[in-house]
1. Scan the range 274-289 for residues that are touching a Phe, Trp or Tyr at 6+ places or on another chain (Cβ under 8 Å) and assigned to a helix (DSSP H, G or I) and jot them down.
2. From the list T52, T4, pick out the single residue that is touching a Lys or Arg at 6+ places or on another chain (Cβ under 9 Å), hydroxyl-bearing (S, T, Y) and within 12 Å of the ligand (Cβ to nearest atom).
3. Right, N363: touching a residue at least 12 places away in the same chain (Cβ under 8 Å), within 11 Å of the ligand (Cβ to nearest atom), open to solvent by 20 Å² or more (accessible area, probe 1.4 Å) and in the same structural domain as G45 (by TED's automatic domain parsing) or not?
4. For R359, work out the one condition from (1) of a type outside the set (A, V, I, L, M); (2) part of a loop (DSSP other than H, G, I, E, B); (3) within 28 Å of the chain's Cα centre (by Cα) it doesn't fulfil.
5. Taking P70 as the residue in question, decide whether it is under 29 Å from R425 (Cα atoms) and under 23 Å from the mean Cα position of the chain (by Cα).
6. Return the pair list, or none, for Cβ contacts closer than 8 Å from residues in the range 79-102 that are closer than 24 Å to G45 by Cα to residues that are part of a strand (DSSP E or B) and open to solvent by less than 90 Å² (accessible area, probe 1.4 Å), at least 6 apart or on different chains.
7. State all residues of the range 93-123 that are assigned to a strand (DSSP E or B) and open to solvent by 60 Å² or more (accessible area, probe 1.4 Å); if no residue qualifies, say none.
Amino acid sequence: MNRTYDLVGIGVGPFNLGLAALADPLPDVDAVFLDQADEFRWHPGMMLEGATIQVPFLADLVTMADPTSPYSFLNFLKHTGRLYPFYIRESFFPLRSEYDQYCRWVSERLTSLRWGRRVTAVVPTDDGFEVTAQTAAGTETYRARHVVLGVGTTPRVPEAFRGLVAAGADQPGVPAGPAGPVVHTADYLPHRDALVASGAVTVVGSGQSAAEVYRDLLDDAGPHLTLDWVTRSPRFFPMEYTKLTLELTSPEYTDHFHGLPGALRDTLGREQRNLYKGISGDLVDDIYETLYRKSALGRPVPTTLLTDTEVTAARTDGDEHVLTLRHNQLGTTAERRTRAVVVATGYGSSVPGFLDPVRHLLNLDERGRFAVARDYTVDDARRLHVVNAEEHTHGVTAPDLGFGAWRNSVILAGVTAREVYPVERRIAFQQFGLPATSGTGPVDDDGTHLAQQAHLEEVAR
Ligand SMILES: Cc1cc2nc3c(=O)[nH]c(=O)nc-3n(C[C@H](O)[C@H](O)[C@H](O)COP(=O)(O)OP(=O)(O)OC[C@H]3O[C@@H](n4cnc5c(N)ncnc54)[C@H](O)[C@@H]3O)c2cc1C
């Protein structure tokens, strides 16, 4: 294949699918997107029936960049005859399964997607890169001027569980031994029956996924199922969702965060966990209400909820798993037995091995992470772009579906050297960093001090 694409996307999760949808109508962008999976599937292991997405439907693949796009969530509802029920439902938050259906609907309408292609190498060429993908039939190569890395994040498994976690979904119901399965939330649903059948499950972790799994298993908990929930967090903290805090998912806060020293960014990243790694308040209350209801009806749930408690070791002993727990405040340790474990400890990103041939071109920080520039590139030639691999450099916007279209607009501006979709520079009422002006003097129509406006345009350039 000697065609050179303007853009080759690696991985087709929501972010690169959004990029494909935004690139589709552009006559000057010849793009192709490769994914190792056979079709689009969004987090099938956590496709819990009642779960909703955590962002409004406007955070679809395209609307925040182009509200007229045919690939919008509203257009999907119209085409599938679901617009009026959605309108009457009056909720901003679609079901997770609806979002998955919507992304599949978009993926079936795009001609630039290639499924069943596992990328194994990216090598430099004179005018960009050559991307090699493994297919069922052999290998394929794609020449590209720009590459966009959208391989998402992979399950993070704490050291204590590394030897026990069942590998992937292709072992549902087949426990490693007499004890029940130990699975990451990414593989929860295929293992649900085996977890319940084990008779005693421990959920480890404190985020939204941990809470969703605990709530889901709570329906079965009782005489035949003991359910524990252990987290090293000081409390089961809620996701913060207040409007001024939500302004942190903005271009200008991302400018501010990106401009900070690396060590301060890492500290802030840990401090800001409650912005997107907490539990939705409704779900926390629903869990409490369920426990309350069951105890009031004389059917108390055999459950133990532990905070400030770390699992420092885990081993299997016959039909049980033995967890070594350490209380972080008391410094005391204890062993606790269970029959199955759900590891709800999140996801992480890393520099994929298939980039080794271009490693010399990559900007990496002292910890070997991508040193991602503000325009989402990781090389000096600004031809290698990343999506959702920049949490440590750009902050909370990285995994946020609501920010995908904005980031893709910046990437397309980099590929086409023109702003094909308007890129907002300022959306927040707050200002991040100290004002450059005295605070008095002429202001313009939106109340910004003219001198301040000049300063902000300078920063955004
Ligand atoms: C259960 C769950 C629910 C979430 N809900 C929300 C939410 O409501 N709101 C929100 O803002 N965020 C949410 N997130 C966070 C985030 O938006 C999602 O993780 C999102 O899926 C990230 O999209 P992505 O495009 O980066 O990658 P992914 O969805 O992880 O997709 C990456 C793709 O890359 C492919 N791939 C990987 N390696 C290769 C390779 N070598 N070759 C070819 N293809 C490859 C994979 O097959 C996969 O299809 C959620 C996360 C989880 C886990």
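The values are calculated or read from the model by the stated rules, or taken from the named source; none is laboratory data. This is a predicted model, so every value here is computed, not measured. Quick reminder, even Gly has a Cβ in these numbers, built from the backbone with ideal geometry, and neighbours come from all protein chains shown. Surface areas here come from the heavy atoms of the whole protein model, side chains and all, with no ligands, DNA or RNA. Shrake-Rupley method; radii C 1.70, N 1.55, O 1.52, S 1.80 Å.
1. N274, G281, V284, I287
2. Numbers: T4 fails: within 12 Å of the ligand (Cβ to nearest atom).
Testing whether each residue is touching a Lys or Arg at 6+ places or on another chain (Cβ under 9 Å), hydroxyl-bearing (S, T, Y) and within 12 Å of the ligand (Cβ to nearest atom) leaves just T52.
3. Numbers: touching a residue at least 12 places away in the same chain (Cβ under 8 Å): yes; within 11 Å of the ligand (Cβ to nearest atom): no; open to solvent by 20 Å² or more (accessible area, probe 1.4 Å): yes; in the same structural domain as G45 (by TED's automatic domain parsing): yes.
Considered against the rule, which asks whether it is touching a residue at least 12 places away in the same chain (Cβ under 8 Å), within 11 Å of the ligand (Cβ to nearest atom), open to solvent by 20 Å² or more (accessible area, probe 1.4 Å) and in the same structural domain as G45 (by TED's automatic domain parsing), N363 comes out as no.
4. (2)
5. Working: under 29 Å from R425 (Cα atoms): yes; under 23 Å from the mean Cα position of the chain (by Cα): no.
No, not satisfied.
6. F93/T52; P94/T52; L95/T52; R96/T52
7. Quick first cut of the range 93-123, residues assigned to a strand (DSSP E or B) only: 95, 113-115, 118-123.
R114, R118, listed by residue number.
So that you can scan it fast, the table gives a plain yes or no per residue for (1) of a type in the set (D, E); (2) under 19 Å from R156 (Cα atoms); (3) part of a loop (DSSP other than H, G, I, E, B):
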{"site": "S295", "(1), (2), (3)": "no, no, no"}
{"site": "P300", "(1), (2), (3)": "no, no, yes"}
{"site": "A313", "(1), (2), (3)": "no, yes, no"}
{"site": "T316", "(1), (2), (3)": "no, no, no"}
{"site": "H321", "(1), (2), (3)": "no, no, no"}
{"site": "R336", "(1), (2), (3)": "no, no, no"}
